[in-house]
Amino acid sequence: MNLDAKIPEGPLVEKWTRHKFNIKLVNPANKRKYDIIVIGTGLAGASAAASLAELGYNIKSFCFQDSPRRAHSIAAQGGINASKNYQNDGDSDYRLFYDTIKGGDYRSREANVYRLAEVSSSIIDQCVAQGVPFAREYGGLLDNRSFGGAQVSRTFYARGQTGQQLLLGAYSAISRQIANGMVQIFPRTEMLDLVVVDGQARGVVVRDLVTGKIESHSSHAVILATGGYGNVFYLSTNAMASNATAAWRAHKRGALFANPCFTQIHPTCIPVSGEHQSKLTLMSESLRNDGRIWVPKKGIKGLTAKDAVHIPEEERDYFLERRYPSFGNLVPRDVASRNAKMMCDEGRGVGATGLAVFLDFADTIQRDGRDMIEQKYGNLFDMYKQITADDPYDVPMMIYPAVHYTMGGLWVDYNLMTNINGLYALGECNFSDHGANRLGASALMQGLADGYFVIPYTIGDYLAGMPYEKIPVDYEAFQLAEKNVKDRIENLLKINGNRTVDDFHKELGKIMWDYCGMARNEEGLRHAKQEVIRLRDEFWKDLKVTGTNDELNMSLEKANRVADFFELGELMIDDALQRRESCGGHFREESQTEEGEALRIDDEFSFVAAWNFTGKDQPEELIKEELVFENVKLTQRSYK
Amino acid sequence: MYFKLKIWRQKSPEDKGGFQSYELDDVSPDMSFLEMIDVLNESLERKGGEPVHFDHDCREGICGTCGMFINGRPHGPQRGIATCQLHMRSFNDGDTITIEPWRARSFPVIKDLVVDRSAFDRIIQAGGFVSVSTGGVPDANEIPISTSIANEAMDAASCIGCGACVAACKNASAMLFVAAKISQLALLPQGKIEAKTRAENMVEQMDKEGFGTCTNTEACEAECPKEIGLVHIARMNREYYFAKQSSESLSEREKVHEG
Ligand SMILES: Cc1cc2nc3c(=O)[nH]c(=O)nc-3n(C[C@H](O)[C@H](O)[C@H](O)COP(=O)(O)OP(=O)(O)OC[C@H]3O[C@@H](n4cnc5c(N)ncnc54)[C@H](O)[C@@H]3O)c2cc1C
Ligand code: SF4
Ligand code: FES
């Protein structure tokens, strides 16, 4: 298979403009003759569905939550980037592009990333017009903060609830189109298979989560905006139900899965408190602007936050400030996470488990006053106290890295189309813009860029060549896909073994975290692969799912998702094995600099690893898309 | 910690439903309330029983998916948080905890603690938006907005659509939820243009969905996990009254003239 990313000709800054001019248009009167299925109502899905409906296409929109407003995007806290340069501090499209490419450790496509930067400003305009109440300065203009290691202030935010406000904006836009009759909405409905006819994506099979009814929907194109797969690790900052099923089923129908091992571990999460832990809570990265991260110079077993207050300055190691004098506590996420792990590995971790470091606000509170901190981080401090019972105004917070975001995802070309014609992937579910590491506040930007400003153009180019005829759902391909879905559900229900889904999921997560988490090596990965295969076999022999298909059934829903996590987990391990370099969030212990930093091997690994499913229990085929850098010079990232 | 749980079990919308008692030992005070239910469910499933169905997703108080009526209060005993943010340390060892779904005519039970809140979505569809399409909007800084207005709009916009206000109200009124959206958009210049029709349409839909009337018991404000204030109801009433008087929907204006 030959991968063509369809990157337009011409200089970087002109590519998108030229492309928009060159692509085919669908006549306004003909748009209503096309049906588009959009799976997902997060930032990417809701913005796409709304924008496409506004253009006149017929949209069917699906999500598994009870309302489109509850997609996982709602939980994003920190903010959204845009190169507005409102602060006059030297920002530009080019700088945002450059930061994103560098932040991604040179494993993303220049053209895609430049376009992202180019449309970023329009996103802010759009959201403000929808009534998104961004934070403002006293003069009434929009406020910005610097975020996640950026050296300009380009992050727009709405208190600590930016994702919520942006999503509610997109939700209001899709609601308007539902009222107009242009979007038909299917909440509590989960896509369980993709239907491909003559090499074109022509529909999906879904399960109504309330009645269990399996049903097909036919369309002229299918858009997946189904989010990331961080929950492979069981514990992550993702919402409980976030899963990989839609993308994975598409993969098994032929869509390539790119860079599956690129996962982002976020440095500032509340540490695990015990076996019962069901998910991890992120403390916004913005806290690193004012908090100082430290551990004691000499390990102290079980050091509590209360006792930490009494540890004198000279016995503290502010390890990020020490190791990275110019970026200090604001180094990128992967670097901050790895350093925290290193400290804990050295036995200097704190708290009951020794798997935590301090994030301390004492100096800032003394400098700026409690009010100032309360204004900036009040809700985060309250949240922390609610969860841990420690008050961060009085004692330092404890944090530890946790799985947060997945850079990998379905392979897409410049048009956001996968290698299956008419199948698109948007938002976190594609692989396109963040390389091996995503910068803070750039996922919201990407989701909305894809949905509001990219797909409305690029999908027209494809549909313009499509006949209007609809494929009826009694067509063979639909029937086969439905049968496939039903068989699998039946198989899950009839195992009737002894272990619950959560039990399996936890064990899988632990294998992935231990061997395919913050640090990876050949031996560990090989071991993990065997373990995942062993556990998957056991899953299909000893799983217990109660209830039936014909009702709301939480355990069945989970079983379906976890079954896919097993397969995806294995591919993540294969991908991590194959990539014998370190880059961004992917740290191969065999490939590091003398100072212990990630060492890329550009002449061997400057490619996107796109995996092709070749059949059940067959090894997947690796297809490489070489990355060509014409505008930036590849350098070893340095945050010293 | 040890707890006795009395939980509402209802197999389907048609089923009558009833309370079931369970006992749970070895509960850690650091567990969240939903993690406590997870533990119960694990043990039920191991014994071949069906887990207690409940809605949840983010588990950090922002998605509005969770919602349990705990010991007679929506989202439990603590102010200003959603069910998923409640921790077992808020209870005493040995307590009996009663757990029910939201109870309101407009929120029919689907199963156990899961209810259908789609009425809220339909109210938003009736007008909870600014009618702008993608593209062609002015620069974000073209219209300055004072911080006090922006802050107040943000307070209203914090609503997570959980429905606790409805569950708390003896009339099952949705006023606080509806007011939060109307108020947010009425405060902002971007939303002002459609303020009148929005208020009329959303209130009309709210009535259609069968939510009760507001008799100012203020229970909603007390139980709202985002502490959305009654000031928004006052603002909505002003908007609505003003809208009715000078309605831009002609049929509505006639009604006012007639009556
Ligand atoms: C705690 C947290 C904080 C974050 N903070 C920030 C931040 O400050 N800035 C930033 O830029 N990024 C942040 N991120 C990342 C960002 O929020 C996500 O990457 C982004 O919101 C993903 O959006 P999405 O639209 O791609 O997918 P999602 O919002 O995950 O939406 C997925 C949608 O797909 C649906 N779906 C999935 N599978 C199926 C299926 N099989 N059938 C039907 N429907 C399906 C779901 O119902 C849902 O509607 C944060 C992430 C987390 C976890
Ligand atoms: S107003 Fe408060 S209680 Fe009502 S839905 Fe919104 S957040 Fe929930
Ligand atoms: S689960 Fe999201 S608010 Fe409780």
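The values are calculated or read from the model by the stated rules, or taken from the named source; none is laboratory data. Because the structure is predicted, anything quoted here is derived from the model rather than measured. Cβ: placed from backbone, ideal geometry, glycine included. Neighbour counts: every protein chain shown. Quick note on the areas: whole protein, heavy atoms, side chains included, nothing else; ligands and nucleic acids left out. Shrake-Rupley method; radii C 1.70, N 1.55, O 1.52, S 1.80 Å.
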Unique match (being outside any strand (DSSP E or B) and more than 22 Å from A:Ala71 (Cβ to Cβ)) among A:Ala441, A:Ala436: A:Ala436
Output for region B:43-77, where each listed residue is away from ligand 2 (no atom under 14 Å from the Cβ) and among the small types (Gly, Ala, Ser): B:Ser43, B:Gly48, B:Gly49, B:Gly72
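Would you please name the residue that is farthest from A:Gly230 (Cα to Cα), looking only at residues in region A:478-505 that are open to solvent by 70 Å² or more (accessible area, probe 1.4 Å) and part of a helix (DSSP H, G or I)? Give the derivation first.
To start, the set of residues in region A:478-505 that are open to solvent by 70 Å² or more (accessible area, probe 1.4 Å) comprises A:479-480, A:483-484, A:486, A:490, A:494, A:496, A:498.
Narrowing the set further to residues that are part of a helix (DSSP H, G or I) leaves A:479-480, A:483-484, A:486, A:490, A:494.
Details: A:Gln479: 32, A:Leu480: 30, A:Lys483: 29, A:Asn484: 26, A:Lys486: 26, A:Glu490: 27, A:Lys494: 28 Å.
Result: A:Gln479.
Could you say whether any residue in region A:444-458 is polar (S, T, N, Q) and buried (at least 24 other Cβ atoms within 10 Å of the Cβ)? If you could, list the steps in order and put the result at the bottom.
If we filter region A:444-458 for residues that are polar (S, T, N, Q), which is where we start, we get A:446, A:458.
Subsequent filtering for residues that are buried (at least 24 other Cβ atoms within 10 Å of the Cβ) retains A:446.
Within region A:444-458, one or more residues are polar (S, T, N, Q) and buried (at least 24 other Cβ atoms within 10 Å of the Cβ).
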Criterion (small (Gly, Ala, Ser), surrounded by fewer than 17 Cβ atoms within 10 Å (Cβ to Cβ) and without any contact (Cβ under 8 Å) to a residue 12 or more places away in the chain) met by exactly one of B:Gly48, B:Gly80: B:Gly48
Spans of helices (runs of 4 or more DSSP H) in region B:145-222 with at least 1 residues closer than 25 Å to A:Ala76 by Cα, in contact (Cβ under 8 Å) with a residue 12 or more places away in the chain and within 16 Å of ligand 3 (Cβ to nearest atom): B:147-157, B:164-168, B:175-187
Residue, most open to solvent (accessible area, probe 1.4 Å), within region B:139-168, restricted to residues that are of a type in the set (Val, Ile, Thr) and at the interface with chain A (Cβ under 7 Å from one of its Cβ atoms): B:Thr147
Residue identified as polar (S, T, N, Q), in contact with a helix residue (DSSP H, G or I) (Cβ under 7 Å, 6 or more places away or on another chain) and more than 11 Å from chain B (Cβ to nearest Cβ) among A:Ser51, A:Ser83: A:Ser83
Flag for A:Ala528 being touching a helix residue (DSSP H, G or I) at 6+ places or on another chain (Cβ under 6 Å), among the small types (Gly, Ala, Ser), closer than 30 Å to A:Ala436 by Cα and away from every other protein chain (no Cβ under 14 Å): yes
Which numbered condition B:Gly136 fails, given (1) within 7 Å of chain A (Cβ to nearest Cβ); (2) away from ligand 1 (no atom under 16 Å from the Cβ); (3) free of Cβ contacts under 8 Å to residues at least 60 places away in the same chain: (1)
Pair list, Cβ < 7 Å and 6+ apart or interchain, from region A:223-246 residues that are within 12 Å of chain B (Cβ to nearest Cβ) to residues that are within 16 Å of ligand 3 (Cβ to nearest atom) and aliphatic (A, V, I, L, M): A:Leu235/A:Leu280; A:Ser236/A:Leu280; A:Thr237/A:Leu280; A:Thr237/A:Leu282; A:Ala239/A:Ala75
Any chance A:Gly90 is part of a loop (DSSP other than H, G, I, E, B), at the interface with chain B (Cβ under 8 Å from one of its Cβ atoms), surrounded by fewer than 24 Cβ atoms within 10 Å (Cβ to Cβ) and away from ligand 1 (no atom under 13 Å from the Cβ): no
Candidate set from region B:71-86 (those that are within 13 Å of ligand 3 (Cβ to nearest atom) and not in a loop (DSSP other than H, G, I, E, B)); member that is nearest to the other protein chains (Cβ to nearest Cβ): B:Gln85
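Scan region A:329-362 for residues that are charged (D, E, K, R), in contact (Cβ under 8 Å) with a residue 24 or more places away in the chain and under 19 Å from A:Leu303 (Cβ atoms) and jot them down.
Once the filter is applied, which keeps residues that are charged (D, E, K, R), in contact (Cβ under 8 Å) with a residue 24 or more places away in the chain and under 19 Å from A:Leu303 (Cβ atoms), region A:329-362 yields A:Lys341, A:Glu346, A:Arg348, A:Asp360.
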Subset tally (residues that are within 14 Å of the chain's Cα centre (by Cα), more than 17 Å from B:Glu227 (Cβ to Cβ) and within 8 Å of chain A (Cβ to nearest Cβ)) for region B:52-70: 4
Residues satisfying the stated conditions in region B:223-248, i.e. outside any loop (DSSP other than H, G, I, E, B) and among the charged types (D, E, K, R): B:Glu223, B:Arg235, B:Arg238, B:Glu239, B:Lys244
Unmet requirement for A:Gly584, which otherwise passes all of (1) at pLDDT 95 or above; (2) at positive phi; (3) touching a Lys or Arg at 6+ places or on another chain (Cβ under 9 Å): (1)
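One line per residue, one yes/no per condition, for (1) open to solvent by less than 40 Å² (accessible area, probe 1.4 Å); (2) within 13 Å of another protein chain (Cβ to nearest Cβ); (3) aliphatic (A, V, I, L, M):
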site: B:Tyr2; (1), (2), (3): no, no, no
site: B:Leu5; (1), (2), (3): yes, no, yes
site: B:Pro13; (1), (2), (3): no, yes, no
site: B:Phe19; (1), (2), (3): no, no, no
site: B:Glu23; (1), (2), (3): no, no, no
site: B:Val27; (1), (2), (3): yes, yes, yes
site: B:Leu34; (1), (2), (3): yes, yes, yes
site: B:Ile37; (1), (2), (3): yes, yes, yes
site: B:Glu42; (1), (2), (3): yes, yes, no
Strands (runs of 3 or more DSSP E) wholly inside region A:151-245 that include at least 1 residues being of a type in the set (S, T, N, Q) and away from ligand 2 (no atom under 16 Å from the Cβ): A:183-186, A:189-197, A:200-208, A:214-218
